[in-house]
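In what follows, a structure is listed as structure tokens, so that the remarks can point back to it.
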Amino acid sequence: MSDAPRPKIRILNILIAVLAIATGSLLAFAGWSLMQGAALAGQAQAVRGEAAAALRARLSAEMERLDAQRRLPRVREAVEGNNLDGARAALAGDWVGIEAVEIHPADLSAAWNAVERFGYGKLGLLLTALDTDAVHMAIVQDAGRAWLALAAPIPGEGGIAALAYVRRPMDELRELVRRAAPPGAYAALRQGGRSLIEEGDVLLADQAERGAVAIPNTRLRLVGAAPYAEPGIYGLGGWVELVAGLVVVLSGFALVLVPREKAAAFARRLAARRTPVAEPEPTLAELQAQGRLQAEPAAPAAAPAVAPVAASPRPAGPALALERSIFRAYDIRGVVGQTLSADVARLIGRAVGALMMERGLRGIAVGRDGRLSSPEMARALIDGLRMSGVDVTDVGMVPTPVAYFAAHHLRLGSAIAVTGSHNPPDYNGFKIVVDGETLSGGAIADLYARIVEGRMPVAERRGDLDTVDIGEAYIERIASDIQIERRLRVVVDAGSGVAGELGPRLLEAIGADVETLYCEVDGSFPFHHPDPSDPHNLEDLVQAVQRTGADLGLAFDGDGDRLGVVTREGRMVYPDRLLMLFAADVLERNPGACIIYDVKCSGHLAGYVLRHGGSPLMWKTGHSLIKAKMKETEAELAGEMSGHFFFKERWYGFDDGLYAAARLLEILATRPEEPEEVFAGLPDALSTPELKVEMQEGEPHAFIEAFVQNARFEGARVSTIDGLRADWPDGWGLVRASNTTPVLVLRFEADSEEALARVQQAFRSAMLALRSDLSLPF
């Protein structure tokens, strides 16, 4: 053989060697990096464990110290002698590091009277200590900054004499968290869903819960994470990659350093030893005998088409004079044929259209419920809107919240639901949203004024009309966010209202097994009144739940914006207790969030929200008033005793009974207990349903104005934001004027029969002192 090609072969060997050395180096480096990552993860876990142990020991020592101090005889004697300075000094003693010591009365009356100034977190901590009769610890905002705070009851003769509150700086906690985060790792001290102290690489924050260490008797936990360490080949943490890389690098050097002749001879000997003997290929007959040839599968059949369904129109009704009384505080509502007609609906459409055109708004969604008069009312309303130049998207027969959803989903910002809500069949009305604002109060009155004054110009260009089926988009939006973790069997009673079609479909889409009851839409409501706040309307649902063995019964009102719930045992779960469950869930992800409830809700609700790290706010009754307050306060959740629930977190902030039902099933499906047990764990009390005192038109508001001026309730915390509510430590009472009918509405709640009777007697005396002719139902 000639030696001419040898230089080229030599160059090729060198190139292969360089490639092998480079590849091997990269492989070895990858193995080394994996080993370093595993080492960092191990180090982070070790130091986090040490820091967590130190943190638990330090915080436990602080709680044990307060537990010992609060039991000192001199502390108790000072408190019972009303020597608060002496009590604070005795409680502090030689306790090093504390910044402030406070003594509060057990009823926390001063705190309740100025909650915002006192601090929601501070009040929540004191309430938790009071309820459990034990020492508790949390990080709270106090005096404009975050502190480590402790609270405990001070025992006295026959009960709790006072409450102790101690706060100290967080410097020591910051140092412990810093120790838990070696270079390249992350650590944080969290309370609920909030990181209070963070150290290290914040990009790892989302992974940190996997390494959480809880601090006993607190809501605090130390969390941490290190960059993900790949296990490597065979899970050996990079050793295989490192060794393989080194072997490849050495092979590359061998190609260059070992004499070519020796390498070639070695290769020939190796090849001679390993040359395999070729085996003949199998024949076609042999393959068929072995069953290795198979027939092609047949093509699938085509799916059948789905035919559309059309709706039929209804004739228009007679003309009527415009009644001022139909323009209510929350919406427009009247009796069809008496105070409401197609002509009135057309005028309302023109008034809303004129308002929209003044604001530069051109598009609106219109939906209607299943009442017999709703198609006629909707057609006339749409005609009035189009006369004003407004483009209308008709979303058809849908629950009220689905009409609201259409305003968001179709980016219109405005919607009108033609609905009589939970009223009798001959009622109908309009719930109106313009540019994201639910019209109420003065805005509703302005529509009446526009009509009377004729401020409703007819546009040169008539508005367009489009029709959209929005139901599937509504279901898809919710089901893409909510899928329950275990199947729950529920019975749905729509009361023959409009929620009967979409409600069961939605709950099935999120994973529930659904039995239906009165879900065929019938505007005459033949089975029962569609109002789930009345226990009598839930009797058939209770029987259906017990007959089918379902986990839960869910009831919707006539237009689907309210929710009622019954358990397997036949108990009605009142909406204020449902709101507690919703609040605890929302606050896990949004600590400190504002939770709004109306004046008719339980006295236990505010304390429950505080104990779960939220900011409770009581407000006026009325769906439009609640929505306006939510917008003002940026609240994440609100609810009313009537069964309206408003979710801003993960939703749009409007009241939606169907969505609330989905959120309820989501919560219950994550709990190992049966739904009955979950509800039993919520605070409860003796309470009355809504009690009503009938009056003449105009009398209720005048009575309430005089009652607020004259009534006095000793020892009670009084609120007059909507009527008058008086809260005592063991119960409360409320009287307010209804904004929809000429009645006084009353409600009472207490921790015992004796307390309930005492609260009712206080209200009876005050009301009869003002008007002795009242017939009171308690």
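Any read-out appearing in this document is the output of simple, stated calculations on the displayed coordinates, not a laboratory observation. Values in this document were obtained by computation on a predicted structure and should not be read as measured data. All Cβ positions, glycine included, derive from the backbone under ideal geometry; neighbour counts span all protein chains shown.
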*May I ask you to evaluate 6.51 cos²θ - 1.76 cosθ + 1.60, the Karplus curve with θ = phi - 60°, for each residue of the range 127-136 and list the ³J(HN,Hα) values in order in whole Hz, giving x for glycine and proline?*
5, 4, 5, 5, 5, 9, 6, 8, 7, 9
*Please report, in cubic angstrom per residue, the volume enclosed by the convex hull of the alpha-carbon atoms of the range 437-496.*
230
*Q761-E437 pseudo-label distance in nm [points 7 Å out on the Cα-to-Cβ vector]*: 4.9
*Considering amide H positions built from the backbone, and no H for Pro or chain starts, which residues 5 or more places from G653, or on another chain, come under 5 Å of its amide H?*
F647, K648
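For every other residue with a beta carbon closer than 12 angstrom to the beta carbon of D426, add +1 if it is Lys or Arg and -1 if Asp or Glu, then tell me the sum.
Neighbour charge sum, excluding D426 itself: +2.
For a test of the definition: using alpha carbon positions, the gyration tensor, and the 1.5 limit on a/c, classify the range 346-427 as rounded, prolate or oblate. List each step's numbers first, then the result.
Details: a/c = 2.24, a/b = 1.40, b/c = 1.61.
It is oblate, given that a/c is not under 1.5 and a/b is not larger than b/c.
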*Whose amide H sits under 5 Å from the amide H of I139, counting only residues 5 or more places off or on another chain, with H placed in the peptide plane?*
A149
*Can you run the Rg to Rh ratio on the range 625-727? Use alpha carbon positions and the Kirkwood inverse-distance Rh.*
1.06
*Along the range 608-619, what does the Karplus equation 6.51 cos²θ - 1.76 cosθ + 1.60 (θ = phi - 60°) give for ³J(HN,Hα), rounded to whole Hz, x for Gly and Pro?*
5, 5, 4, 5, 9, x, x, 10, x, 9, 8, 9
*Just report the Cα centroid separation between the range 134-189 and the range 319-350, whole Å.*
58
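Evaluate E = 1/(1 + (r/R0)^6) for S775 and R362, where r is the Cβ-Cβ distance and R0 equals 51 Å; express this FRET efficiency to the nearest 0.05. Walk me through the numbers on the way to the answer.
Values: r = 53 Å, r/R0 = 1.03.
Efficiency, rounded to the nearest 0.05: 0.45.
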*Pop out the ³J(HN,Hα) list for the range 493-501 in order, Karplus 6.51 cos²θ - 1.76 cosθ + 1.60 with θ = phi - 60°, rounded to Hz; leave Gly and Pro as x.*
10, 8, x, 6, x, 5, 6, x, 8
*asked:* Quick check: from the Cα gyration tensor, does the range 629-681 come out rounded (a/c under 1.5), prolate or oblate?
replied: prolate
*Separation of the range 721-778 and the range 354-378 by C-alpha centroid, Å?*
39
*Ranked highest first by average number of other Cβ atoms within 10 Å, how do 582-589, 474-481 line up?*
582-589, 474-481
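What number results when the radius of gyration of the range 43-121, computed over Cα atoms, is divided by 2.2 N^0.38 Å? Each step should come with its number before you reach the end.
Working: Rg = 17.1 Å, N = 79, 2.2 N^0.38 = 11.6 Å.
Dividing the Cα radius of gyration by 2.2 N^0.38 Å gives 1.48.
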*Tail beyond 21 Å, pair distance distribution of the range 459-563 (Cα, percent)*: 40
*Sorted from largest down, what three extents in whole angstroms do the Cα atoms of the range 530-677 have along their principal axes?*
45, 33, 27
*What distance in nm separates the simple spin-label points at S251 and E116, each placed 7 Å from Cα in the Cβ direction?*
7.5
_From the P(r) of the range 543-602, could you give the percentage of C-alpha pairs in the tail past 18 Å?_
50
*Any chance you could check the Cα centroid distance between the range 45-94 and the range 657-687 for me, in angstrom?*
37
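What pairs from K122/K627; K122/K620; K627/K648 go past 21 Å between their alpha carbons? Numbers along the way, then the final one.
Working: K122/K627 28 Å; K122/K620 25 Å; K627/K648 10 Å.
In this structure, K122/K627; K122/K620 lie more than 21 Å apart at Cα.
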*Order these peptides, 421-434, 740-753, by their mean beta-carbon neighbour count within 10 angstrom, highest first.*
421-434, 740-753
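Please compute the length gained on full extension between D513 and A143, using 0.36 nm multiplied by the number of residues separating them and subtracting their Cα-Cα distance. Walk me through the numbers before you get to the answer.
Values: separation 370, 0.36 × 370 = 133.20 nm, distance 5.09 nm.
My answer for the length gained is 128.1 nm.
Would you please classify the overall shape of the range 351-394 from the alpha carbon gyration tensor, given that a ≥ b ≥ c denote the square roots of the eigenvalues, rounded means a/c under 1.5, and beyond that prolate means a/b larger than b/c while oblate covers the rest?
On the way: a/c = 2.81, a/b = 2.24, b/c = 1.26.
Prolate, since a/c reaches 1.5 and a/b exceeds b/c.
If packing is taken as the average count of other Cβ atoms within 10 Å, what order do 756-768, 708-720, 345-357 fall into, highest mean first?
Values: 756-768: 17.1, 708-720: 13.7, 345-357: 24.7.
Ranked by mean Cβ neighbours within 10 Å, highest first: 345-357, 756-768, 708-720.
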_Cα pair distances of the range 411-470 binned at 5 Å [whole percent]_ = 4, 13, 15, 22, 24, 15, 7, 1
*What are the residues whose amide H is under 5 Å from the amide H of G558, where those residues sit 5 or more places off or on another chain and H is modelled from the backbone?*
H422
